[in-house]
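Beneath this line is the structure, given in structure tokens, with notes to follow.
The values are calculated or read from the model by the stated rules, or taken from the named source; none is laboratory data. All values derive from a computational prediction rather than experimental measurement. Quick reminder, even Gly has a Cβ in these numbers, built from the backbone with ideal geometry, and neighbours come from all protein chains shown. Just the protein is used for accessible areas: all its heavy atoms, side chains included, with ligands, DNA and RNA removed. Shrake-Rupley method; radii C 1.70, N 1.55, O 1.52, S 1.80 Å.
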Amino acid sequence: MATHELKAPLSDADARMLRSGDVVYLTGTIYTARDAAHKKLVELLDQGKELPLDLKGAVIYYVGPSPAQPGHVIGSAGPTTSYRMDSFAPRLHSLGVKASIGKGIRNDAVKQSLKDYGCVYFGATGGAGALLSACIKEAEVIAFEEMGPEALRKLRVERLPVLVINDSVGGELYVMPDLKAVGLG
Amino acid sequence: MRTIAATEIVKAVRDMCIHANHFQPADVRKCIKDGEAKEDSPTAKEVFRQLAENIDLAEKTALPLCQDTGLAVLFVSVGQDVHIDGNLTEAINEGVRKGYGEGFLRKSACHPFTRKNTGDNTPAVIHYDIVPGDKVRISLMAKGGGAENMSRVMMLAPAAGWEGVKEFVLKRVAESRSNPCPPILIGIGIGGTFEHSAKLAKLALMRKVDDVNPDPDLAAKETELLGLVNKLGIGPMGLGGKQTALSLKIEMTPCHIASLPLAVNIQCHSSRHEEVEL
Ligand code: SF4
């Protein structure tokens, strides 16, 4: 379990060398998108339209931040539960997205797509929205403004602390619940 | 008959929404602050360290504890000798509107199908109760979606009994794994009807972590089931550890001879609630 300082967008080599359990401090440009923005992005893809972001090496942070107070670039900004984006993630990985940041377990299709395209799934600490917000230095809504907290945002982050949950070789960091220990195994 | 102006309700609810989202109640705050020392694994320790730091930041800065500042759920006990000068439900919603607007809190209420945001986090979910006296007691919970999504209601067969309840709760927590931001708090409602069990489960979440059930049998069951939940080893953020749940409370009421309703309401560590008496 290593610690890395990495730049975002993420290079293919960087994404592939990461292993479950590695701690990563991300610096650079990432994008926010959650349920509604994902649905919209996929609709645009289906219609053959241009996307409002460059997917190459992109890191997508599943977050719907709280509104920025005066003098702040963004409000509280911790991860939302990732499984709701499971149906979209493999397609985005196939188009160049290198990583997503969220919390909670992913399905088998997503884990397979990490292997197929050399990508990673990062976990950030759920409910640590104030702490994570401090790493966001710039935020700009670049599309779907009408979605409010669900709008697509471009963020500049400095040393955003994330943990590799699923890597590109099938590694998994979340533990399996010990049902045997409670007599249900 | 005592009169309370609706404007007083608006202000109380507004202030509660803002305060709840910045200050974790003392009981949960203590669990988080003490959590690091109780874990062995460095990852579990690091999660507790981050959560403790997050609590300090939310208290010191203008940032809410979590970006999901929740749907506003209110339990309102209205004394039968109180007259509200104005529309009570509208006053509560206006308080929520102001709290979430002026407090820079996230508006998370939307149309179920179009997903269009209502824009002001209303309507609030309000449960009323008429009680003796001339006071109004308002309890507010800012309920995040991630943990709420992991909650379930189950109509068990009466023969399932306590063993059936335990199995359902343990499997629910096990299947939820890292999704509801563990360490979690668990509210369990047993009995009544389908909807009543769910309301009891939510009320159970309003109890403090160190609150002991006045019914000794239920108190023992709460301790037993909390112990079992923590044997699952899910740990903080699902990364493995001793503290999967910080608290487990049961509220129970008689049910139909044919039924055994069970509701499991899951609350994340960002347990935000407030209470006020007017
Ligand atoms: S489950 Fe709770 S702590 Fe986690 S993101 Fe939702 S509201 Fe925040």
With axes computed from alpha carbons, what is the tilt in degrees of helix A:35-46 against the longest principal axis of chain A, rounded to the nearest 10 within 0 to 90?
80
Run the Debye formula on the Cα coordinates of the protein assembly as shown, all scatterers equal and no solvent, and tell me log10 I(q)/I(0) at q = 0.05 1/Å.
-0.18
Span from the segment A:69-98 Cα centroid across to the segment A:112-129 one, whole angstrom:
10
Segment B:13-58 to segment B:206-224: how many Å between their Cα centroids?
22
I need the phi-derived Karplus couplings for segment B:11-17: 6.51 cos²θ - 1.76 cosθ + 1.60, θ = phi - 60°, integer Hz, Gly and Pro marked x.
5, 4, 5, 4, 5, 5, 4
Rounded to two decimals, the Debye log10 I(q)/I(0) of segment B:24-159 (Cα scatterers, no solvent) at q = 0.17, 0.19 Å⁻¹ is -1.09, -1.17
Taking only C-alpha positions in segment A:84-159, Rg and Dmax in angstrom work out to 13.8, 35
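For the protein assembly as shown, give me the percentage of DSSP beta bridges that are antiparallel, rounded to the nearest 5 percent. List each step's numbers first, then the result.
Numbers: 45 of 81 bridges.
Of the beta bridges lying entirely in the protein assembly as shown, close to 55 percent run antiparallel.
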Can you give me the angle between helix A:108-117 and the longest principal axis of chain A, using Cα atoms only, in degrees from 0 to 90, rounded to the nearest 10?
70
Karplus (6.51, -1.76, 1.60) ³J(HN,Hα), θ = phi - 60°, over segment B:96-112, in Hz, Gly and Pro reported as x
5, 4, 5, x, 6, x, 5, x, 6, 9, 6, 8, 10, 8, 8, 5, x
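In what sequence, largest accessible area first, do A:Met147, B:Met16, B:Met252, A:Met1 appear using a 1.4 Å probe?
Output order, biggest surface exposure first: A:Met1, B:Met252, A:Met147, B:Met16.
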Farthest towards the positive end of the dipole of the protein assembly as shown, among A:Thr81, A:Ile60, B:Leu105 and with Cβ unit charges of +1 on Lys and Arg and -1 on Asp and Glu, lies the Cα of A:Ile60
Farthest towards the positive end of the dipole of chain B, among B:Ala72, B:Ala147, B:Ala5 and with Cβ unit charges of +1 on Lys and Arg and -1 on Asp and Glu, lies the Cα of B:Ala147
Strictly over 25 Å apart at the Cα level, which of B:Lys60/B:Lys242; A:Lys115/A:Lys137; A:Lys115/B:Lys45; B:Lys60/B:Lys143; B:Lys60/B:Lys202 would you flag in this model?
B:Lys60/B:Lys242; A:Lys115/A:Lys137; A:Lys115/B:Lys45; B:Lys60/B:Lys202
Choose one answer from B:Leu200, B:Leu262, B:Leu88: the residue with the largest mean-square fluctuation in a GNM of chain B with alpha-carbon springs under 10 Å.
B:Leu88
Quick one: work out the % antiparallel among DSSP beta bridges in segment B:122-277, nearest 5.
65
Build a GNM of chain B with springs between Cα atoms under 10 Å: which of B:Ile188, B:Ile92, B:Ile257 gets the top mean-square fluctuation?
B:Ile257
If you keep only loop residues by DSSP, which trypsin sites (Lys or Arg not before Pro) in segment B:77-159 have at most 16 other Cβ atoms within 10 Å of their Cβ?
B:Arg115, B:Lys116, B:Lys135
Could you tell me how far the Cα centroid of segment A:149-185 sits from the Cα centroid of segment B:137-181, in Å?
22
Compactness check, segment B:146-272: C-alpha Rg relative to the 2.2 N^0.38 Å globular estimate gives 0.97
List the pair-distance distribution P(r) of segment B:32-73, using every Cα-Cα distance, as the percent of pairs falling in each 10 Å bin from 0 up to the bin containing the longest distance, rounded to whole percents.
29, 39, 28, 5
Any residue on another chain or 5+ positions along whose placed amide H is under 5 Å from the amide H of A:His4 is listed here as A:Val23, A:Val24, A:Tyr25
Springs between alpha-carbon pairs under 10 angstrom, Gaussian network model over chain B: which of B:Cys110, B:Cys17, B:Cys268 fluctuates most?
B:Cys110
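Using alpha carbon coordinates only, what is the Rg to Rh ratio of segment A:3-166, with Rh defined as the Kirkwood radius?
Numbers: Rg = 14.4 Å, Rh = 15.5 Å.
Using Cα coordinates only, the ratio equals 0.93.
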Can you list residues from other chains, or at least 5 along the same chain, whose modelled amide H is less than 5 Å from the amide H of B:His127?
B:Leu74, B:Phe75, B:Val76
What are the extents of the Cα atoms of chain B along their three principal axes, listed from largest to smallest and rounded to whole Å?
52, 51, 40
Pick out, in residue order, every one of the GluC sites (Glu not before Pro) in segment A:1-54 that is DSSP loop and has at most 10 other C-beta atoms within 10 Å; say none if there are none.
A:Glu50
The answer for B:Lys242, listing residues at least 5 apart or on another chain whose modeled amide H is closer than 5 Å to its amide H, is B:Asp40
Those trypsin sites (Lys or Arg not before Pro) in segment B:171-209 that DSSP places in a loop and that have at most 14 other beta carbons within 10 Å
B:Lys208
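Based on DSSP, what percent of beta bridges with both residues in chain B are antiparallel, to the nearest 5?
Details: 26 of 46 bridges.
Just about 55 percent of them are antiparallel.
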